[in-house]
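The values are calculated or read from the model by the stated rules, or taken from the named source; none is laboratory data. Remember, it's a predicted structure, so these values are computed and weren't measured experimentally. So basically every Cβ, Gly included, is an ideal-geometry build from the backbone, and we count neighbours across all protein chains shown. Just so you know, the surface numbers come from the protein's heavy atoms only, side chains and all, with ligands and any DNA or RNA stripped out. Shrake-Rupley method; radii C 1.70, N 1.55, O 1.52, S 1.80 Å.
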Amino acid sequence: MSGQSLPSKPLLGQMMERPLLVSTLLEHAETTHATSEIVSRRCEGDIHRYTIKDAASRARKLANLLSRFGVQQGDRVATLAWNGYRHWELYYGVSGFGAVLHTINPRLFAEQLVYIVNHAEDRFIFVDLTFVPLLESIKDQISRVEGFVILCDEDKMPETSLPNALCYETLLANEPDDFVWPEFDERSAASMCYTSGTTGNPKGVLYSHRSTVIHAMASIGEEALGLASTSCFLPVVPMFHVNAWGTPYSAAITGAKQVFPGPGMDGASLWELIDAEQVDLLLGVPTVWLMLLNHMDSIGKKLESVQNVVVGGSAAPLSMIRDFQEKHDAFLIHAWGMTEMSPIGTVNAHSIHMESMPLEERYRLQAKQGRPVYGVEMKIVDDDNRELPRDGEARGRLLVRGPWIISGYYNNDDRSSFIDGWFDTGDVATIDENNYLTIVDRSKDVIKSGGEWISSIDLENAAVGHPELSECCVIAARHEKWSERPVLLATRQEGSQISEADVLRYLEDKVAKWWLPDAIVFVESLPHTATGKLLKVDLRKTYENYLLEKA
Ligand code: AMP
């Protein structure tokens, strides 16, 4: 039987096409969840609290301010800020206005910061007190920025060498809150974030209003983050790194109470907030939770209010899954995603078959990165881009596609990650028969330490400049606190007695301090492929436990 051909003209549905804009999330929140609370630890050290109604009014004042600054639709307005209420206002004020919110990651080092501010052509930067010195140190290299707005009260304004530095609170106090959010094409850019999780310069990822809203809608359900109006959540995942996993937007849909930690990410500060605000959902990278778990052990207390902990950014260790469950009665929801994916890809949420599993078996299942949220399609492929079976055994490069996944980097014509409508994540994975993803390796040459990227190639290039080293190879070794840390394998020039301390001293002024390798191993020779490339896969296998064994 031949296949039925489709009619040449489809019968279109007759539903409205209202644009999916970030401002619609705020309007919904203001009318439906006006009294929902936002609690923040401020840079100034105190706790601030107000409601969504207050936040919405201030976001409108901010939009009036942008208009007075002469900001146009599509212009980039940057932030350099912790998780806090003012940052939340910027999320809505800037994107709602039609400008593009560029959240800058302060953990990038100076050279990268200069690169991204100039590449994004940021017109204004809104900055927390903490990061003023950082901007001062690069101000001459980012001279196209027209003004800096410091996120503080008038009496906290610092002495600063930043040109055109203004006080956020003073500016807002002078604005009316009568702004009407404009309507425009939902495909317009709403925000952007640079990722350094690839080699070379950081690359810009431009989220659209449409992708942001769809991602927020998809991420609230029980199969994803499980956010409800009754939830009280604390995102430690930064608002400067993939929009805190989209939670500032999903919170507006559900009206969940938001608790922002500001600069206080140590175990004691987190516990204080969790306990005081009765937080039931935590979100962040493993390094942060390790600090919290250690703190709780040291004070001998239980995280009574916490029900779920979403862990992503790096693999959640089995011991962490067990500790949360057995010591704190909290379920660890392991998730995987990327800056390029807004970021949610897969989530290992509660599932019916977990209920009847023996605990140890359930923990092993929870250690997998989870199943795709509806909207994300994924597959693994071999070197010829042929799809591999979902049998939990075959390992392949992980490709994804969907409405909140990147289709091209901002002002960058590198198309190497885009294959026939799919995005190559740079992760190597298996997928089992129930569509559970397990990340087993990485094809991109980077190290993820405490949720932040270190380029092994940049480190190798810096080290190999030493006249007494002949070849260098940097690999990611597993680390109990930081998930991964760099280990440098090097061959010495003939006759050289150069020591580990000499190499570290040499590297000190060439790379950021937190990039310095945790160990330097001198070897006789390094293995190569037939084409002369370092055989990193083999070296990674040999040295992956080097730091754990050394500890
Ligand atoms: P980023 O764009 O900085 O958020 O980093 C995304 C990358 O972090 C992914 O491509 C993975 O390499 C890694 N990653 C994120 N979540 C996980 C996870 N749950 N397990 C292992 N690796 C992860």
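Odds and ends about this structure:
- Scanning the range 403-412 for residues that are within 16 Å of the ligand (Cβ to nearest atom), open to solvent by 30 Å² or more (accessible area, probe 1.4 Å) and touching a helix residue (DSSP H, G or I) at 6+ places or on another chain (Cβ under 8 Å) yields one hit, Tyr410.
- Among (1) under 25 Å from Asp266 (Cα atoms); (2) crowded, with 24+ Cβ neighbours inside 10 Å; (3) in the same structural domain as Ser23 (by TED's automatic domain parsing), the one test that Thr195 misses: (2)
- If you check Leu437, Leu388, Leu332, Leu399 for being aliphatic (A, V, I, L, M), more than 15 Å from the ligand (Cβ to nearest atom) and surrounded by 15 or more Cβ atoms within 10 Å (Cβ to Cβ), only one passes: Leu388.
- In this entry, Lys510 is excluded by the filter for residues that are outside any strand (DSSP E or B), open to solvent by 60 Å² or more (accessible area, probe 1.4 Å) and under 30 Å from Val311 (Cβ atoms).
- So Gly255, is it touching a residue at least 40 places away in the same chain (Cβ under 8 Å), closer than 27 Å to Ile454 by Cβ and either more than 16 Å from the ligand (Cβ to nearest atom) or of a type in the set (Lys, Arg) (or both): no
- The single condition from (1) in contact with a helix residue (DSSP H, G or I) (Cβ under 9 Å, 6 or more places away or on another chain); (2) away from the ligand (no atom under 13 Å from the Cβ); (3) on the phi > 0 side of the Ramachandran plot that Asn294 fails is (3).
- Yes/no for Leu166 being within 18 Å of Arg60 (Cα to Cα), among the aliphatic types (A, V, I, L, M) and assigned by TED's automatic domain parsing to the domain that holds Val127: no
- Qualifying residue in the range 342-355 (condition: touching a helix residue (DSSP H, G or I) at 6+ places or on another chain (Cβ under 9 Å), small (Gly, Ala, Ser) and surrounded by fewer than 20 Cβ atoms within 10 Å (Cβ to Cβ)): yes
- Out of Val242, Val288, one residue alone is touching a strand residue (DSSP E or B) at 6+ places or on another chain (Cβ under 9 Å) and under 25 Å from Glu326 (Cα atoms). It is Val288.
- Any hit, the range 290-300, residues being under 28 Å from Cys152 (Cα atoms) and within 19 Å of the chain's Cα centre (by Cα): no
- Selection status of Arg415, surrounded by fewer than 15 Cβ atoms within 10 Å (Cβ to Cβ) and basic (Lys, Arg): yes
- Residues of the range 444-497 classified as part of a loop (DSSP other than H, G, I, E, B) and either away from the ligand (no atom under 15 Å from the Cβ) or farther than 24 Å from Asp424 by Cα (or both), total: 12
- In the range 483-511, the residues that are at negative phi and among the small types (Gly, Ala, Ser): Ala490, Ser496, Ser499, Ala501
- Lone qualifier among Ser319, Ser305 - being surrounded by fewer than 23 Cβ atoms within 10 Å (Cβ to Cβ), more than 12 Å from the ligand (Cβ to nearest atom) and without any contact (Cβ under 8 Å) to a residue 12 or more places away in the chain: Ser319
- All conditions in (1) over 22 Å from Trp482 (Cα atoms); (2) open to solvent by 30 Å² or more (accessible area, probe 1.4 Å); (3) in contact with a Phe, Trp or Tyr (Cβ under 7 Å, 6 or more places away or on another chain) hold for Lys368, with the sole exception of (1).
- Among the residues of the range 501-512, just one is at pLDDT 95 or above and either under 28 Å from Asn294 (Cβ atoms) or touching a Lys or Arg at 6+ places or on another chain (Cβ under 6 Å) (or both), namely Leu504.
- Residue count, the range 335-376 (criterion: within 16 Å of the ligand (Cβ to nearest atom) and under 27 Å from Ala216 (Cβ atoms)): 23
- Which listed residue is assigned by TED's automatic domain parsing to the domain that holds Leu539 and either crowded, with 21+ Cβ neighbours inside 10 Å or within 27 Å of Asp383 (Cβ to Cβ) (or both), from Ala477, Ala501: Ala477
- The range 112-228 holds helices (runs of 4 or more DSSP H) entirely within its bounds, and those carrying 3 or more residues that are under 19 Å from the mean Cα position of the chain (by Cα) map to 209-219.
- Enumeration of residues in the range 473-510 that are more than 22 Å from Gly313 (Cβ to Cβ) and β-branched (Val, Ile, Thr): Thr491, Ile498, Val503
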